[in-house]
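The values are calculated or read from the model by the stated rules, or taken from the named source; none is laboratory data. Because the structure is a prediction, the values reported are computed rather than measured. Cβ atoms come from the backbone with ideal geometry, glycine included; neighbour counts cover every protein chain shown. Note: accessible area is taken over every heavy atom of the protein model, side chains too, but ligands, DNA and RNA are not part of it. Shrake-Rupley method; radii C 1.70, N 1.55, O 1.52, S 1.80 Å.
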Amino acid sequence: MIFNRQILKYLGTDALSVYGMIINISTFVQCCAYSIFSTYYFQAMMKPSTAFVVSVSRGAVISGILIYLLPVIAGASGIWFAMPITELVVAVFMAVMMRCCQKQPIR
């Protein structure tokens, strides 16, 4: 593990041990850049409203809601799950929208 829990508890910050695990997952998701490149895809397919929804929901709406809700639900360490969950929700939405977009003929 990246961070030693005993050292972090001695320092008084247990959140970093959770953060070390989540940053690996989040980095993998963001390295794929699926959500960012999908906005380019939707713009190229002449679907700017879908690209806008993906961009705004990823950057502000879903992540903002999760940043406020997860600490209430899961405690202080829950905030580190906000971005991976946001990426997952947006990825599912994009997959559904890409599937729908491929079924429609290009005008």
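Between a residue in segment 49-67 that is over 14 Å from Val92 (Cα atoms) and any residue that is open to solvent by 50 Å² or more (accessible area, probe 1.4 Å) and among the β-branched types (Val, Ile, Thr), which pairs come within a Cβ distance under 8 Å, given they are 6 or more apart or on different chains?
Leu66/Ile85; Ile67/Ile79
Filter segment 90-106 down to residues that are of a type in the set (Val, Ile, Thr) and either outside any helix (DSSP H, G or I) or touching a residue at least 60 places away in the same chain (Cβ under 8 Å) (or both), then give me how many there are. Spell out the reasoning first.
Residues of segment 90-106 of a type in the set (Val, Ile, Thr): 90, 92, 96, 106.
Filter again for either outside any helix (DSSP H, G or I) or touching a residue at least 60 places away in the same chain (Cβ under 8 Å) (or both), leaving 106.
Residues in segment 90-106 being of a type in the set (Val, Ile, Thr) and either outside any helix (DSSP H, G or I) or touching a residue at least 60 places away in the same chain (Cβ under 8 Å) (or both): 1 in total.
When segment 60-107 is examined, which residues are found to be open to solvent by 60 Å² or more (accessible area, probe 1.4 Å) and of a type in the set (Asp, Glu)?
Once the filter is applied, which keeps residues that are open to solvent by 60 Å² or more (accessible area, probe 1.4 Å) and of a type in the set (Asp, Glu), segment 60-107 yields nothing.
Residue by residue through segment 51-92, note down the ones that are aromatic (Phe, Trp, Tyr), within 26 Å of Tyr41 (Cα to Cα) and under 12 Å from the mean Cα position of the chain (by Cα).
Within segment 51-92, none qualify.
Just the residues that are over 21 Å from Cys101 (Cβ atoms) and not in a helix (DSSP H, G or I), please, taken from segment 37-89.
Gly75
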